[in-house]
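> Okay, here's the structure, questions in a sec.
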Amino acid sequence: MTQAEANRIDGQCLCGAVHLQLSDHRPEIGICHCMMCRRWSGGAYVFFTAPADSVRISGAVTTYRSSPFSQRAFCPTCGSGIYLRDDESDEYELCAGLFDHARKFAAISEAYVDQRLEALTLQGDHKRVTAAEYEEKFPFVPSADLPDGRA
Ligand SMILES: [Zn+2]
Ligand SMILES: [Zn+2]
């Protein structure tokens, strides 16, 4: 088995209309607690990444432009989140829960920890960054620009 074959994993949305096949991926979990991710996911956005050219999606997804530089995709039938992708990025951030295989992935980073639901205090010694630390380095949407924009 080649390395690429070893990395092949499959996932699907709740209703099964959207199926994903990855020929490669990075088996590490990122978590985001920003307001957009809280609203989109219902708690925290839990994801891992895969190179764009290794992602095959069958079944129609609906995309929502959640910022001037990124969009989020979901299944129009069951509403499962599928991915978040920055326009300039050569990778997808995929919703980890779609992939049974991802249950084994360890968390590597948590963003917007100061804005998380207090119930979601995660164990482990992975990297944690606050909203201010994140926003120093990456493009973001000021919370004032969001509908009902209170962080
Ligand atoms: Zn679905
Ligand atoms: Zn977020």
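> Can you give me the number of residues within the range 115-151 that are assigned to a helix (DSSP H, G or I), touching a residue at least 24 places away in the same chain (Cβ under 8 Å) and charged (D, E, K, R)?
0
> If V141 meets every condition in (1) within 15 Å of A44 (Cβ to Cβ); (2) open to solvent by less than 40 Å² (accessible area, probe 1.4 Å) apart from one, which number is that one?
(1)
> Next question. Would you pick out the residues in the range 54-73 that are touching a residue at least 24 places away in the same chain (Cβ under 8 Å) and in contact with a strand residue (DSSP E or B) (Cβ under 7 Å, 6 or more places away or on another chain)?
Correct list: S54, V55, R56, I57, S58, G59, V61, S66, F69, R72.
> Turning to a different aspect of this structure: Taking strands (runs of 3 or more DSSP E) that do not extend beyond the range 1-105, which have at least 2 residues that are within 16 Å of ligand 2 (Cβ to nearest atom)?
Working: elements: 9-12, 19-22, 26-32, 45-51, 55-58, 62-67, 70-74, 81-86, 91-95.
Because the criterion is at least 2 residues that are within 16 Å of ligand 2 (Cβ to nearest atom), the strands (runs of 3 or more DSSP E) in the range 1-105 that meet it are 26-32, 45-51, 62-67, 70-74, 81-86, 91-95.
> Any idea which residue in the range 14-43 is surrounded by the most Cβ atoms within 10 Å (Cβ to Cβ), counting only those that are farther than 19 Å from K104 by Cβ and among the aliphatic types (A, V, I, L, M)?
Looking only at the range 14-43, we keep the residues that are farther than 19 Å from K104 by Cβ, and these are 14-19, 32-43.
Filter once more, keeping what is among the aliphatic types (A, V, I, L, M): 14, 17-18, 35-36.
Values: L14: 13, A17: 16, V18: 24, M35: 17, M36: 19.
Here the residue is V18.
> What residue, of V61, V129, V46, is open to solvent by less than 50 Å² (accessible area, probe 1.4 Å) and within 25 Å of I9 (Cα to Cα)?
On the way: V129 fails: within 25 Å of I9 (Cα to Cα); V46 fails: open to solvent by less than 50 Å² (accessible area, probe 1.4 Å).
Checking each option against the conditions leaves just V61.
> Right, here's the next one. Only one of (1) open to solvent by less than 90 Å² (accessible area, probe 1.4 Å); (2) out of contact with any strand residue (DSSP E or B) (no Cβ under 9 Å at 6 or more places or on another chain) is not met by E91, so which one is it?
(2)
> As an exercise: evaluate L14 against (1) more than 16 Å from ligand 1 (Cβ to nearest atom); (2) more than 13 Å from the chain's Cα centre (by Cα) and give the number of the one condition it does not meet.
For L14, the exception is condition (1).
> Let me ask something else. I'm checking my understanding of the structure. Among residues of the range 97-108 that are away from ligand 1 (no atom under 16 Å from the Cβ) and surrounded by 15 or more Cβ atoms within 10 Å (Cβ to Cβ), which one is farthest from the chain's Cα centre (by Cα)?
H101
The values are calculated or read from the model by the stated rules, or taken from the named source; none is laboratory data. Since this is a predicted model, take the numbers as computed values, not measurements. Reconstructed Cβ throughout: ideal geometry from the backbone, glycine too, with neighbour counts over all protein chains shown. The accessibility values were calculated without ligands, DNA or RNA, using every heavy atom of the protein model including side chains. Shrake-Rupley method; radii C 1.70, N 1.55, O 1.52, S 1.80 Å.
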